[in-house]
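In what follows, a single structure is set out as structure tokens and then discussed.
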Amino acid sequence: MAKWVRVAALTEIPQGACLERVAGDRLVALFNVEGTLYALDGVCPHQGGPLGKGCLDGAVVTCPWHGWQFDVRTGKHQVSRTIEQPQFNVRVEAGDVLVELES
């Protein structure tokens, strides 16, 4: 069964921003691409870098540790299409950003 967890206020993540938050026992990276919010697992699969502290260029986030890049809309790595970062569903309720976690 899934549950929705509040991770931020909508005002904390303006367009073009990245944000790192903890949801339950997961590190979540939030992204605002032209007003649409996306969430990925916040731990880069390469060596555990913090994706939520990366640089967002359009819809591509670059991990600050070693430069791995992911499309935040799909979770797909930009070079190796076999690597896919797990995604979370996102919704906004009354100005709060929530992500859906598996329980």
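The values are calculated or read from the model by the stated rules, or taken from the named source; none is laboratory data. Fair warning: this is a prediction, and the values are worked out from it, not measured in the lab. Counting neighbours? That spans all protein chains shown, and the Cβs are built from the backbone with ideal geometry, glycine included. Side chains are part of the model used for accessible areas, which takes the heavy atoms of the whole protein and leaves out ligands, DNA and RNA. Shrake-Rupley method; radii C 1.70, N 1.55, O 1.52, S 1.80 Å.
Residue selection: Ala29 satisfies the criterion of being buried (at least 18 other Cβ atoms within 10 Å of the Cβ), without any contact (Cβ under 8 Å) to a residue 60 or more places away in the chain and within 22 Å of Glu100 (Cα to Cα). In segment 86-103, the residue that is farthest from Thr11 (Cα to Cα) out of those that are part of a strand (DSSP E or B) and of a type in the set (A, V, I, L, M, F, W, C) is Leu101. Taking segment 64-103 as the range and being open to solvent by 40 Å² or more (accessible area, probe 1.4 Å) and among the acidic types (Asp, Glu) as the test, the residues that pass are Glu84, Glu93, Asp96, Glu100, Glu102. Of all the numbered requirements in (1) of a type in the set (Ser, Thr, Tyr); (2) at pLDDT below 95; (3) under 15 Å from Val5 (Cα atoms), Thr82 misses one, and that requirement is (3). If you check Val61, Val43 for being closer than 25 Å to Gly95 by Cβ and buried (at least 18 other Cβ atoms within 10 Å of the Cβ), only one passes: Val61.
Cβ separations smaller than 9 Å between residues 6+ apart or across chains give the following pairs from segment 1-20 residues that are over 17 Å from Gly35 (Cα atoms) to residues that are open to solvent by 70 Å² or more (accessible area, probe 1.4 Å) and assigned to a helix (DSSP H, G or I): Glu20/Lys53.
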